[in-house]
1. Taking the 0 to 90 degree range and rounding to the nearest ten, how far is the long axis of helix A:111-120 tilted relative to the main principal axis of chain A, both from C-alpha atoms?
2. By its C-alpha gyration tensor, with a ≥ b ≥ c as the square roots of the eigenvalues, how is region A:31-88 shaped: rounded for a/c under 1.5, else prolate for a/b larger than b/c, else oblate?
3. Using the scaling law 2.2 N^0.38 Å as the reference, what is the normalised Cα Rg of chain A?
4. Given labels modelled 7 Å from the Cα in the Cβ direction, how far is it in nm from residue A:155 to residue A:181?
5. What's the FRET efficiency of residue A:56 with residue A:33 using the Cβ-Cβ distance as r and R₀ = 30 Å, to the nearest 0.05?
6. Above 18 Å lies some portion of the pair distances; for region B:73-141, what is it as a whole percent of all C-alpha pairs?
7. Kindly state, to the nearest 0.05, the FRET efficiency for residue A:202 paired with residue A:119, given R0 = 51 Å and r defined as their beta-carbon distance.
8. Taking Cα centroids, how far is region A:170-232 from region B:69-147 in Å?
DNA sequence: TAATAAAGTTAGACTAATCTAACAAATAAA
DNA sequence: TTTATTTGTTAGATTAGTCTAACTTTATTA
């Protein structure tokens, strides 16, 4: 199915809203606002997208992407992020310049192009902003945003990934008695150098700021399945 | 001045027609045909482009690009050919696939992008089809005037570019065992229909007049670096 | 629960790019 | 030089995407 740039942008906006807010419920107004058009305009487009079975939507109801609509939206995000990576890595664009150009490039229609670009960039999993790049099947690595250094004194969190994959770091982690899925409580933090005392399995350890910044964690709410914006 | 893709395509078409035919006189019908629209459509657009001072044009008269129109057209051709070069050199697209994708990429709006791409490709002077790439001031290396059909029986020449960029033609060229920079010897020519027997890498092929007219060549003298007036 | 506010929809209009069909001008041919 | 043919123009319609203004439904709150 050949879609116009505009239609593609509506699908992308829908995916982004549900992604970022964790909410699956999108209304006409919110959609319109995110595309900087009037609600009436979005409403018209929704009818069209429903006709094409790209969204599920009943009058006065909430909007959801259909399976195929979601696939298309993921595909556009894939293209967007691959182009950003290209601009950043190969053409030496700066971090903050890539988005605008990628907004245009994401609409270029050629599967071959994007697969070749993917290969050329060595199948990157994250774009320059750290956002995950969907693969050609629309699957993406979840990525974590919060590190142990972001957790407030007194709060608990769960380790989910490491940022630094070096073996020396991994060995250090083990020594502290830490591992994926372990619960960590932040006991105290030295203001001067951010040395942090943590508690893992009832054992206290002190770790450096560098250490804390290389441990991805989920906050207390996310541990309970809430998917907050700051963590994921 | 921000132009639509469509407007850009009209300017490009005008430049291409005058370029390829050597004629400076373009009419509504020819322009429309080259864009695969009806003359009425082209006529409407011409009024718009005249309004913007991108073409010089009076009712029932001939169409010419203005200075600024020409600059914009050259800019689009620059983008087109740089993208073709990128696709061919970096992404390993084949000769005959690049055009279609570049038709889309040429409309991406970012001066920075195209200058960085130019640098990344090491400021190429010719695209994969042998066509010259305008620099950022719209200047380009002379392009070729002589085609295979101009070469006398018994003489040799070197293929340097193609006039027709259609994939069907390019694939035909490949089938004949021909490519950019190949030496061609004209063995014989049928007087009646100009069917020409050529020799490429010791292999003989017979090609039509239409074929021969779409292969740009350099004559024997020019191959040796002489730069004769007829070829360049 | 009735009034008010917020959210969503509809109708009618506009612009850009296209079309068809009818017409006008310029050019070529008899 | 009149006629026929080609070339170019105009008028009116269509589609996609947008708008404003008026209206309806749903949600909130006093």
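1. 20
2. Working: a/c = 3.25, a/b = 1.71, b/c = 1.90.
Oblate, since a/c reaches 1.5 and b/c is not below a/b.
3. Relative to the 2.2 N^0.38 Å estimate, chain A comes out at 1.21.
4. A separation of 2.4 nm, rounded to one decimal place.
5. Numbers: r = 21 Å, r/R0 = 0.69.
After rounding to 0.05, the efficiency reads 0.90.
6. Values: 580 of 2346 pairs.
Looking at region B:73-141, the distances longer than 18 Å represent 25 percent of pairs.
7. Approximately 0.55, to the nearest 0.05.
8. Region A:170-232 and region B:69-147 have Cα centres separated by 52 Å.
Here, each number is a calculation from the coordinates, and none is a lab measurement. A quick note: this is a predicted structure, and the numbers were derived from the prediction, not measured. Reconstructed Cβ throughout: ideal geometry from the backbone, glycine too, with neighbour counts over all protein chains shown.
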